[in-house]
Every structure is written in structure tokens, then in C-alpha cells.
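What follows is a short report on a single structure.
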Amino acid sequence: MSQKTLTDADGTSADAARPAPGAAAPGRRWWILGVVAIAQLMVVLDATIVNIALPSAQADLGFSDGNRQWIVTAYALAFASLLLLGGRIADLFGRKPAFLVGVVGFAGASALGGAANGFTMLVVARALQGAFGALLAPAALSLLNTTFTDARERARAFSVYGAIAGAGGAIGLLLGGLLTDALDWRWTLYVNVAIAVVAFIGGWVLLGNHRDASDAKLDVPGTVLVASGLFAVVYGFSNAESHHWGSPLTWGFLVAGGLLLAGFAYWQTRAAHPLLPLRILLDRNRGASFLAVLVTGAGMFGVFLFLTYYLQLNLGFSPTKTGVAFLPMVAALMVAAQLGTTLLVPRTGPKVIIPLGFAVATAGMAWLTGMNVGTHYASGVLPQLLVIGFGLGLVMPPAMQLATGGVAAEDAGVASATVNAMQQVGGSIGTALLNTLAASAATNYLSGRDPKNPLVRAQASIESYTTAFWWSAVLFAAGTVAAFLLYRRGVPQQDPEAAPVVHM
């Protein structure tokens, strides 16, 4: 195993320009980025695009409030629990077929959901979306890692990809609002078919196929352990929303998930062809990056989920206007993503920039807690969103790049899947934790007050939102400390084709 420690005069690795096996020709790389970005946007959109359409879908199909959460949870459960399997399939059978099958399957599941005639059909379609998304997302991310071997080009590519991953939720809210207002809730699902056609044609024409792990075999026991473990963890946190933390449906599944994942980790040390080689996790920078993605996923829900409620219920924004209100945050995130991955991290390393991004996001989230019943968007929401977006832009793309960079080519798919799994599990944890804390804050405020008074009800909702924002700030602050302690000093320089070097 070799690792570059010296750089050429231009600051890039001497081996960085050497094409990896299956790498695209220079003129095609940026077209491939466009195809991958479109496909990734489709997957990320569906984590939020359906949320705004849920009230309309519920009225149309007639399912209960208790069943409503399963439209969101079915997608998250299938996506999170099958990600590592999807990533390994891409390594074993080739990224191009994994990408194309994922795109077609995702489009088919979306069409099925759009045509749903009842609750069961819609839930099944959402679960199928999650399953095919678990095949598509790691294939897309690993394609970037193997297509862009030059350090500077890879930084630019990951700035685009990371910006989409970070901002896709907000874009989903905007698109969901536009489609629901202008057409019908079903078009929040049908739109994926149009996106998938573009991604499929581009992938078919541009992508080459290279099976980096063709001699390996699928780790069936590991697959069963990690899929069931991730399912149990996400299901347990999802139950915390509808039940309570003391319910066996919550803590029972969380304990079972923890035990299954511990069993998976033990099995990976013994398996001849491990699903997730532990060398991927043991590099300090990579491990810190996985943690950064997990914390970001958990904290970001404090912005998207509760601020959506605030804008619509307290400020009276329409679904479309709510989506537009998030666009400045998206713009700030994209600017910071480009700045962080192409300029700052290559010069100073992640130990400074990623903790700085978390600290900026912490400040923005804490500032957002100052809202009240009379707050205006322009003065009490917009500046904070710009700060939060800029901070997250310094975290997400560099962390994703560091989490997948430097792995052996045959591990690119599963490393990419681990990034997606961390983001999804983080989002599930954030949703359950922040929802529970927000609901408790509202209940405590209403205690001893007249719940029929409109002003009291409005202030109770403000208490719930600001509580969620404070806890999101705590999550980002913890991310600041953890990133500073875990990342190594200096600028990482890794031969793109080298096996990972373990630094403890």
C-alpha cells in the first residue's frame, strides 16, 4: 500500500492524473458528472418532494393520520437498509448496469406510486423507490470517485455532487410545492419518469463498465445482518414519532438494531469477502467524514422540517412560496461547496475547514431560535438561512469527497453506499429526536394556558420550532468538536489507485 505524501509544484499528486481502470476520456467526464448529478437529484428529491404533497394525497386516497408517516418511512426504511448491498452489487457486477437498473427501477416505482389507487399501493411504490434508490445512489457516487482521478477535477465534481446532496431536500420542497399547486400531488412522483429518461440515455451513452471486484463474492450473512440492523434502527427511530421512547416498538428495535450491527461488524473481521471491509472505516479522515455526514443529516432536518411548518402555518406561505424561501440557502450552500472543495480544503486540509463549517452552521441555527410570532421572513429567517447554508456547504461536499477518496477501486461502491447510509440514518435520527423534543416543548408551553386562544397556540408552535432549532445547533456544535478532534492535520494526498492506508 502506498500513499503520496509529497505534491508537485502545482499542489496535486503526481499520480493524480493517471486514469483509473475504466475511467472516462477527458472530454466525457463533465458530461458524466451531469448524468450522475441528475440521477442523484432524483433520489434526494424523493426524500422531501412527497412531504408537501402528503395532505393532498391523504385527501385523495383517504388514509388516516396514523398511516400518513408510512408514505415517508417506507422510502427511508428500504433505502437505508439496502444501501450497502446496493453498493456491493455495483462493485461486483459493474457500476453501469447498477446505475441503469437503478434508474429504470426508480422510474417504474415512481410511476406506480403516481398511479396509486389506495394507501397500500402507494406505500409499496415508495418502498420500491427506496430499494432501487439504494442501488442507484452508491453507483452514482462511486462513478464520480472513479471517473475523476485528477485532484482538482475531483474537487470540482464533488462540490457539485455535495451541493446537490445538501440542497436536494430544499429543491424537493420547491418542486413539490410547484407541482402540487399547478398540477396534482401525483406529479411529485411522475416527474421522476422524465428525469430518469434523461439519466438513462446519458448513462447508456457515456458510461463505461468496469467490474473492480469481479473476483469477489457477495457476503450473504453480512448482507442479512446489516440490512436487518439498519432497518431496525431506522424503524425504531421512526416509531419514536408515533409512539414514545419508552415503547418496546421504539427501544426494542433500537436495541435489536444495535446488536445486529455489532454482529455485522464482528462478522466483517472473519468473512472471506466482507461486504464492508473494515479498512474503509479505519482511516481517521474517512471515519471522521462518515460521522460528519451523519451529524449533518440529523441536524439539517431542524431546518427543512420545522421551518417548513413555520413558513406555511405561521407565516401563511403557500407550498410553492415555501420552496422558494429555501432557495437562498441552496445558493449559499453551493457557493460554499465550490469554495470549500476546490480552494480551502486543498490548501489547509479538513481539520480547519470542516469544523469551521459546522461552527458557522451552529451559529446560524442558534440565531434562528430568535424567531417569534411577529417575525418576518426577510429579517428573521433569510439571514439565518444564508449562514446555515454557507456553513453546511463547507461540511457536506468535502466530507463526501474525503469519505470516498483513496479507497481501493474495488471498494468504491460500498464506500459510497456507506456515505449515503450515514446521511439516511442521520436524517431518521434527527426526525425522531427533534420531533419528540419539539412536541414536548409545545405540550409544556400549553400546560396551564388556554389552548383555544389563537395566540397561545401560535406561541406554542414557536416554542416547538425554536426547541428543535436549539437541538439542531447542539448537534452541529458536537459535529464541530468531533471533526476538530478526529481529522488529521495537513492536506490529504492519496494515490487514486492505492489501497487505503490505515492511520490510527
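Side notes on the structure shown:
- Test: residue in the range 111-122 that is under 30 Å from GLN401 (Cβ atoms) and either modelled with pLDDT of 80 or more or surrounded by fewer than 24 Cβ atoms within 10 Å (Cβ to Cβ) (or both): no
- For the range 92-110, a tally of residues being surrounded by fewer than 24 Cβ atoms within 10 Å (Cβ to Cβ) and of a type in the set (Lys, Arg) returns 1.
- Residue that is closer than 22 Å to ILE164 by Cβ, modelled with pLDDT under 75 and of a type in the set (Ser, Thr, Tyr), where the choices are THR7, THR48, THR12: THR48
- Among the residues of the range 203-220, some residue qualifies, meaning at least one is assigned by TED's automatic domain parsing to the domain that holds ALA438 and modelled with pLDDT of 85 or more.
- Within the range 260-319, the set of residues being among the charged types (D, E, K, R) and either crowded, with 17+ Cβ neighbours inside 10 Å or under 20 Å from SER428 (Cα atoms) (or both) comprises ARG279, ASP283, ARG286.
- Within the range 165-182, the residues that satisfy the criterion of being at pLDDT 70 or above and within 20 Å of the chain's Cα centre (by Cα) are ILE171, GLY172, LEU173, LEU174, LEU175, GLY176.
- Restricting attention to the range 56-69, the residues that are part of a helix (DSSP H, G or I) and at pLDDT 70 or above total 6.
- Test result for ILE89, buried (at least 21 other Cβ atoms within 10 Å of the Cβ) and touching a residue at least 40 places away in the same chain (Cβ under 8 Å): yes
- Matching option when the condition is among the hydrophobic types (A, V, I, L, M, F, W, C) and either within 19 Å of the chain's Cα centre (by Cα) or under 24 Å from ASN420 (Cβ atoms) (or both), among PHE317, PHE304: PHE304
- The number of residues in the range 284-326 being touching an Asp or Glu at 6+ places or on another chain (Cβ under 8 Å) and assigned to a loop (DSSP other than H, G, I, E, B) comes to 1.
- Number of residues in the range 337-358 that are among the aliphatic types (A, V, I, L, M), within 18 Å of GLY479 (Cα to Cα) and surrounded by 19 or more Cβ atoms within 10 Å (Cβ to Cβ) equals 5.
- Selection status of LEU382, of a type in the set (A, V, I, L, M, F, W, C) and touching a residue at least 60 places away in the same chain (Cβ under 8 Å): no
The values are calculated or read from the model by the stated rules, or taken from the named source; none is laboratory data. Everything numeric in this text was worked out from a predicted model, so none of it was measured. Neighbour counts run over all protein chains shown; Cβ positions are idealised from the backbone, glycine included.
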